[in-house]
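The structure appears right after this line, and notes come after that.
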Amino acid sequence: MTHKRKMIIGALLLTVGTLVAAMIWQFEKPGSLVWDDGFKYQTESKMSGELVTHDLPVVPSKITALEIDVKNADVKIIKGEQFKVTTRNWSSKGATQISFDAGQLTINDSEGEASRSSFGIGMIIRTNQITITLPESQHLSTLLVKSRNGDLDVEQVSVKTAQIMATNGDTKFERATFGDLMMTSTNGEIQLKRTSIENGGQIINQNGDIEIKDSRLPTFYAKTKWGDEDVELYHDLRQSSQSQAKLVVTSQNGDLEID
């Protein structure tokens, strides 16, 4: 077989493969390789995951502190009618564990096995989605979060003291209230929208943007080393030197915007 003929056949096979892929895309949503006792291909339509509502090991009114330690999971903390914890597991193995001790509810998710791909087939990097619902009257004394890989969303939550460490993933606070907030991120964006920090703390990002909009802050210091800086003072927002600030906001590699 001549080289030219091989090229023609290869081009024809590529064309046919593209047409077949387009037809599959049209009639069957894309999927991904997942690990479930071996690699398996799952289409998008079959990747809805298993939704689980976990029984709390204690009367919800006794919960005053929340500790979250996850390896590969997205976490949402929202307000609702009652205290509950739900997870959506992309694998047949549920890894979320819940325990209670001395007023503190601990949620641990140490495994991660599934995700979705934009182009049909992709390796799996993320598994669970954890949603923690707090009743309207619930005010936490402490919130401790340690997330290795995954996004964190906190909405309409009131916390006296929060300590949050994120390695890879975006963090978003919206309409939340903190007495003190200690936030560090290695890789990912940090957003605060209509959020109040009453006393102070720090927001430190290594690689990623920091955006603070329509929020109430104590006297603060804001600086980025490698990135654009846009700080607009409005209402009672006040800047000061780092030594005098109650809240320190810094980014190593990323833009910083406060308005």
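The values are calculated or read from the model by the stated rules, or taken from the named source; none is laboratory data. What you see is a predicted model, and the numbers here were worked out from it, not measured in a lab. Ideal geometry is used to build each Cβ from the backbone, glycine not excepted, and the neighbour counts take in all protein chains shown. Protein only, heavy atoms only, side chains kept; ligands, DNA and RNA dropped before computing areas. Shrake-Rupley method; radii C 1.70, N 1.55, O 1.52, S 1.80 Å.
For every residue, the table says whether it meets (1) modelled with pLDDT under 95; (2) under 28 Å from VAL58 (Cβ atoms); (3) open to solvent by 50 Å² or more (accessible area, probe 1.4 Å).
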position: THR106; (1), (2), (3): no, yes, no
position: ILE121; (1), (2), (3): yes, no, yes
position: THR133; (1), (2), (3): no, yes, no
position: GLU155; (1), (2), (3): no, yes, yes
position: GLN163; (1), (2), (3): no, yes, yes
position: GLN191; (1), (2), (3): no, no, no
position: THR195; (1), (2), (3): no, no, no
Looking only at the stretch 137-153, filter to residues that are assigned to a loop (DSSP other than H, G, I, E, B) and open to solvent by 10 Å² or more (accessible area, probe 1.4 Å); which one of those is nearest to ARG216 (Cα to Cα)?
HIS139
Inside the stretch 218-259, can you point out the residues that are open to solvent by less than 80 Å² (accessible area, probe 1.4 Å) and among the hydroxyl-bearing types (Ser, Thr, Tyr)?
THR219, TYR221, THR224, TYR234, SER240, SER241, THR250, SER251
Hits in the stretch 194-231 - residues which are under 19 Å from the mean Cα position of the chain (by Cα) and β-branched (Val, Ile, Thr)
THR195, ILE203, ILE204, ILE210, ILE212
Enumerate the strands (runs of 3 or more DSSP E) found wholly within the stretch 163-241, keeping only those where 2 or more residues are β-branched (Val, Ile, Thr).
177-187, 196-207, 210-213
Tell me yes or no: at least one residue of the stretch 169-181 is open to solvent by less than 60 Å² (accessible area, probe 1.4 Å), of a type outside the set (A, V, I, L, M), over 20 Å from GLY150 (Cα atoms) and over 21 Å from the mean Cα position of the chain (by Cα).
yes
